[in-house]
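The structure under discussion appears below in the form of structure tokens.
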Amino acid sequence: KYQTPKAVAEAVDSFWWEFNAFTWDTYAWYYVKSAPEFAWKWIDVLWDMIMDAQFPQEEMEREKWVVIQEIKMYDDEPMALVGDKWQEYFYWNNSYGWTTLWPVENIKNFTRQDLLDHKSNLYTKDNLIVIIAWKILDKKSIEDQITTIFAELPEKRKIQKPEFKWNLPISHEEKFVKWTAQNHLIIAAKWFDGNDDKRYSAWLLTTILWWNMSSRLFQNIREKEWLCYYISASHHASPHDWVFSIRAWLEKDRFDYWIGKIMWELKKISTWDITKEEFEKAIWFNIWQYQMWIESSGEMAIFAWKQYLLY
């Protein structure tokens, strides 16, 4: 129905607030955020793109170069580059260690048929979910519209993801050399399966270490020591694995000293040096944070689709 990029853009510009797509290692995500009276319109546009994209060869060739420029942009961005290199070192040479975009040769070699096959193999009723977080207008009409669209999808996906196996690096330290004004650091550790109930404890631990301004890394590394502007701790969760990591941008001249300070914070917390007050504060911080998150329809939709699709 919308046969050119301009046609899509003009249709979306008549109602949109946010309109984008996002590709991650384990999913692709297309989203629109708009006023509720435009629900019919954005469903029409979004699903025309997903279900009936024609992938003209000329447009594909142009888009390849756009993606290649995106790869180069991330190569020039140390925070993104160190994350890609970490993934490559941590998971090694398999589909779990490959980045979403690299390498450039892959982009150049994609054909129209590759995209059509990918869509028919994975955009299926058992592998796709639609989430709408909205002010209800005409619920039955929207459900009927989506049901009609879903009817066109294949029933079952034709390919399965490869089995996940931990393949931790032989070396416990890797360096990638590229000129920057600071050293960009990732410290990572294997945790446990992402479906494990320990993930709730992991979230609290991450909160105590970093998640708010009174956290240990923020106070002891950034505020008291003045060691860096940026430092964070996080846990990456998926159904197949769970990784805890700390990231920081650190001064080059005293890099080893700063790493020692970070490791000291990890050593202290590994001996259960956590007060009852600190523990309870982390619990309430997360409760309040969730209350704030779900006041946004976008965050509610993200929470819902991740639970349904991944867990």
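Computed quantities for the displayed model
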item: Selection from the stretch 193-219 of residues that are touching a helix residue (DSSP H, G or I) at 6+ places or on another chain (Cβ under 6 Å), open to solvent by 20 Å² or more (accessible area, probe 1.4 Å) and free of Cβ contacts under 8 Å to residues at least 60 places away in the same chain; result: Trp210, Arg216
item: Matching residues in the stretch 105-131 - criterion: being of a type in the set (A, V, I, L, M), assigned to a helix (DSSP H, G or I) and free of Cβ contacts under 8 Å to residues at least 60 places away in the same chain; result: Ile107, Leu122
item: Qualifying residue in the stretch 126-135 (condition: over 22 Å from the mean Cα position of the chain (by Cα) and either open to solvent by less than 80 Å² (accessible area, probe 1.4 Å) or of a type outside the set (D, E, K, R) (or both)); result: yes
item: Qualifying helices (runs of 4 or more DSSP H) (wholly inside the stretch 225-311; at least 2 residues being surrounded by 12 or more Cβ atoms within 10 Å (Cβ to Cβ) and touching a strand residue (DSSP E or B) at 6+ places or on another chain (Cβ under 9 Å)); result: 255-270, 297-310
item: Some residue of the stretch 159-167 being under 30 Å from Asp52 (Cα atoms), open to solvent by 50 Å² or more (accessible area, probe 1.4 Å), at pLDDT 80 or above and out of contact with any Ser or Thr (no Cβ under 8 Å at 6 or more places or on another chain); result: yes
item: Condition broken by Ile142, with the remaining ones in (1) aliphatic (A, V, I, L, M); (2) under 30 Å from Gln69 (Cβ atoms); (3) assigned to a helix (DSSP H, G or I) satisfied; result: (2)
item: Answer residue from the stretch 136-164, given it is charged (D, E, K, R) and in contact (Cβ under 8 Å) with a residue 40 or more places away in the chain and is farthest from Tyr123 (Cα to Cα) among those; result: Lys161
item: The stretch 75-95 residues that are in contact (Cβ under 8 Å) with a residue 60 or more places away in the chain, paired with ones that are of a type outside the set (Gly, Ala, Ser) and open to solvent by 60 Å² or more (accessible area, probe 1.4 Å) (beta carbon under 6 Å, 6 or more apart); result: Lys85/Phe176; Tyr89/Glu174; Trp92/Asn167; Ser95/Pro162
item: Only one of Trp134, Trp102 that is outside any helix (DSSP H, G or I) and farther than 23 Å from Met49 by Cα; result: Trp102
item: Boolean, His184 is free of Cβ contacts under 8 Å to residues at least 24 places away in the same chain, outside any loop (DSSP other than H, G, I, E, B) and surrounded by 11 or more Cβ atoms within 10 Å (Cβ to Cβ); result: no
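Each row is one residue, and each column tells you yes or no for (1) within 25 Å of Tyr311 (Cβ to Cβ); (2) of a type in the set (Lys, Arg).
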site: Ala202; (1), (2): yes, no
site: Trp211; (1), (2): yes, no
site: Ala233; (1), (2): yes, no
site: His240; (1), (2): yes, no
site: Ser245; (1), (2): yes, no
site: Arg254; (1), (2): no, yes
site: Glu278; (1), (2): no, no
site: Lys281; (1), (2): no, yes
site: Trp288; (1), (2): yes, no
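The values are calculated or read from the model by the stated rules, or taken from the named source; none is laboratory data. Remember, it's a predicted structure, so these values are computed and weren't measured experimentally. Using ideal geometry, Cβ is built from the backbone for each residue, glycine included, and neighbour counts are taken over all protein chains shown. Ligands, DNA and RNA are excluded from the accessible area calculation, which covers all protein heavy atoms including side chains. Shrake-Rupley method; radii C 1.70, N 1.55, O 1.52, S 1.80 Å.
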